[in-house]
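The next block holds one structure in the form of structure tokens; read it before the comments.
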Amino acid sequence: MTVVRSMLTRRQFLSCSAWIAGGLATSGSLLSACGAGRTRVGGGGAEAASTLRISNWPLYIDAESIGLFEKNTGISVRYTEDVSDNNAYFAKIAAPLAERHSIDRDIVVLTDWMVNRLIRLGYCAPLDDSLFPNKNRLVGDLRNVAFDPGRKYSMPWMSGMTGLAYNRRKTGRELTSVGDLFDPAFKGQVTMQTEMRDTLGLMMLYQGVAPEHATDADVTAACALVTRYRESGQIRAFTGTEYAEDLATGNIAIAIGWSGDVAGLAGDNRDLRFAVPKEGGLLFSDCMFIPVTSHRVPLAMAWMNYVYQPSVSARIVEATRYISPVEGTGAVLAQTDPALAADPLVNPPPELRARLHDFRPLASDEERRYTEMFYRAMGV
């Protein structure tokens, strides 16, 4: 097994992608600013056709699963944590995939909206369901997503929620609504995300609009709301993952944040809370796909089938604190880690899942226009 590990967390990298999408920096300069770097761990040497090559985000798997997969299947794995951000990775692989040249990968994990783009461009190989009996373990609300009906080309790796992250000691009360972001009592103590879908998605829900059906007019109205509260001084900053440290230290009171961050920090700071607002929250998924140029589809399917065992998925959840897409994982966690199984941030109950929304797939021109509108709203 070969592993390449990067220095930043998965969400730190994701927060950087918004800046790249806005054209504010080259991928190289931005990653340098974010402190990206790699250290090679594990073996090397020549690779045979029996080696499965995987790219994923950093710190997104446990320490045992790769080795157990190799032992159980006889398939060698080169697992590389080199997905620095969605747009930068797309820029690296788009040209060779367009020319049908190998990118030296058999599975790549990117966020759902980017996988939508890759499917649309014809860069994803179809999954071989005959080699994937565990596919039927995919949770029901992720089976027929708009960008990949029936999951012909992609499978979720892990999911997370976007909602309200806050410091109970600073707010003095529990928070339940997106409108709490605009409470004058918190003026100058609020941050929003630089990730366009997260911030505008919550603004739309506050305005009674489902992001699954967003129109140009809806995006315009959501951007106007952001502009209004930025100009009033209500919003202190637009951030990436650094909001979590500011919450923990009490520098801010409330943020648009991610469930995985709070789940990972709450054990050390009982003042930290995460809430899916009464208006609803957002569900994001990072998805596995097979590049169209891979000639090792059976190996890739063996990996997908393996990680879709509830016992394996539970082990990954215990290490990462993200939400499993595999039915039965919660039951395993109830046996191995009851406290984690009871945590709604990691194992959300059906009534909570029912309040989560997806931002609809965007065409290329929409992606560009909405990103430009959002950056103007942020004052960039």
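For region 295-340, how many residues are in contact with a Phe, Trp or Tyr (Cβ under 7 Å, 6 or more places away or on another chain) and either under 15 Å from Gly160 (Cα atoms) or of a type in the set (Ser, Thr, Tyr) (or both)?
Total meeting the criteria: 3.
At pLDDT 95 or above and in contact with a Pro (Cβ under 9 Å, 6 or more places away or on another chain): does that describe Asp106?
Details: at pLDDT 95 or above: yes; in contact with a Pro (Cβ under 9 Å, 6 or more places away or on another chain): yes.
In short, yes.
Only one of these is surrounded by fewer than 20 Cβ atoms within 10 Å (Cβ to Cβ) and closer than 24 Å to Val77 by Cβ: Val317, Val297. Name it.
The match here is Val297.
Exactly one condition in (1) surrounded by 18 or more Cβ atoms within 10 Å (Cβ to Cβ); (2) within 25 Å of Thr371 (Cα to Cα); (3) of a type in the set (Gly, Ala, Ser) is not met by Ser65; state its number.
With respect to (1) surrounded by 18 or more Cβ atoms within 10 Å (Cβ to Cβ); (2) within 25 Å of Thr371 (Cα to Cα); (3) of a type in the set (Gly, Ala, Ser), Ser65 is out only on (2).
If I filter region 69-78 for residues that are surrounded by 18 or more Cβ atoms within 10 Å (Cβ to Cβ), of a type in the set (A, V, I, L, M) and over 17 Å from Tyr306 (Cα atoms), do I get at least one hit?
no
Of all residues in region 326-348, how many are surrounded by fewer than 24 Cβ atoms within 10 Å (Cβ to Cβ) and over 15 Å from Trp258 (Cα atoms)?
Of the residues in that region, 14 qualify.
Look through region 45-59, keep the residues that are surrounded by 20 or more Cβ atoms within 10 Å (Cβ to Cβ) and under 22 Å from the mean Cα position of the chain (by Cα), and return whichever of them is farthest from Tyr123 (Cα to Cα).
It comes out as Pro58.
What are the residue pairs meeting all of these: first residue in region 119-134, first residue touching a residue at least 40 places away in the same chain (Cβ under 8 Å), second residue of a type in the set (S, T, N, Q) and in a helix (DSSP H, G or I), Cβ atoms under 8 Å, and 6 or more apart or on different chains?
Listed by first residue and then by second, the contacts come to Leu131/Asn305; Phe132/Asn305; Pro133/Asn305; Asn134/Asn305.
Looking for something without any contact (Cβ under 8 Å) to a residue 12 or more places away in the chain and assigned to a helix (DSSP H, G or I) - is there at least one such residue anywhere in region 279-302?
Initial filter on region 279-302 (without any contact (Cβ under 8 Å) to a residue 12 or more places away in the chain): none.
Within region 279-302 (the criterion being without any contact (Cβ under 8 Å) to a residue 12 or more places away in the chain and assigned to a helix (DSSP H, G or I)), the answer is no, since none of the residues qualifies.
Got a sec? Which of Val317, Val312 is under 19 Å from the mean Cα position of the chain (by Cα) and not charged (D, E, K, R)? First the steps, then the outcome.
Working: Val312 fails: under 19 Å from the mean Cα position of the chain (by Cα).
Unique residue meeting the criteria: Val317.
Yes or no: Pro184 surrounded by fewer than 20 Cβ atoms within 10 Å (Cβ to Cβ), farther than 30 Å from Leu131 by Cα and not polar (S, T, N, Q)?
yes
For a quick check of your reading: which helices (runs of 4 or more DSSP H) sit entirely within region 58-164 and have at least 3 residues that are out of contact with any Ser or Thr (no Cβ under 7 Å at 6 or more places or on another chain) and closer than 26 Å to Asn347 by Cβ?
Because the criterion is at least 3 residues that are out of contact with any Ser or Thr (no Cβ under 7 Å at 6 or more places or on another chain) and closer than 26 Å to Asn347 by Cβ, the helices (runs of 4 or more DSSP H) in region 58-164 that meet it are 65-73.
With Glu212, Glu174, Glu195 as the choices, which residue is in contact with a strand residue (DSSP E or B) (Cβ under 9 Å, 6 or more places away or on another chain) and buried (at least 21 other Cβ atoms within 10 Å of the Cβ)?
Glu195
Scan Lys152, Lys187, Lys170 and give me the residue that is more than 21 Å from Tyr229 (Cα to Cα) and either basic (Lys, Arg) or assigned by TED's automatic domain parsing to the domain that holds Arg230 (or both).
Working: Lys187 fails: more than 21 Å from Tyr229 (Cα to Cα); Lys170 fails: more than 21 Å from Tyr229 (Cα to Cα).
Just one listed residue meets the conditions, Lys152.
Which numbered condition in (1) in contact with a helix residue (DSSP H, G or I) (Cβ under 9 Å, 6 or more places away or on another chain); (2) crowded, with 18+ Cβ neighbours inside 10 Å is the only one that Ser259 fails?
In the conditions (1) in contact with a helix residue (DSSP H, G or I) (Cβ under 9 Å, 6 or more places away or on another chain); (2) crowded, with 18+ Cβ neighbours inside 10 Å, Ser259 misses (1) alone.
Sort through Val297, Val346, Val312, Val307 and tell me the only one that's of a type in the set (Val, Ile, Thr) and touching a Gly at 6+ places or on another chain (Cβ under 9 Å).
Selected residue: Val346, the only one of Val297, Val346, Val312, Val307 that is of a type in the set (Val, Ile, Thr) and touching a Gly at 6+ places or on another chain (Cβ under 9 Å).
So, of the residues in region 46-84 that are of a type in the set (Lys, Arg) and in contact with an Asp or Glu (Cβ under 7 Å, 6 or more places away or on another chain), which turns out to be nearest to Ile103 (Cα to Cα)?
So the residue we want is Arg53.
The values are calculated or read from the model by the stated rules, or taken from the named source; none is laboratory data. For clarity, every value in this text was computed on a predicted model and none was experimentally measured. For neighbour counting, all protein chains shown are included, and Cβ atoms are generated from backbone atoms with ideal geometry for every residue, glycine included.
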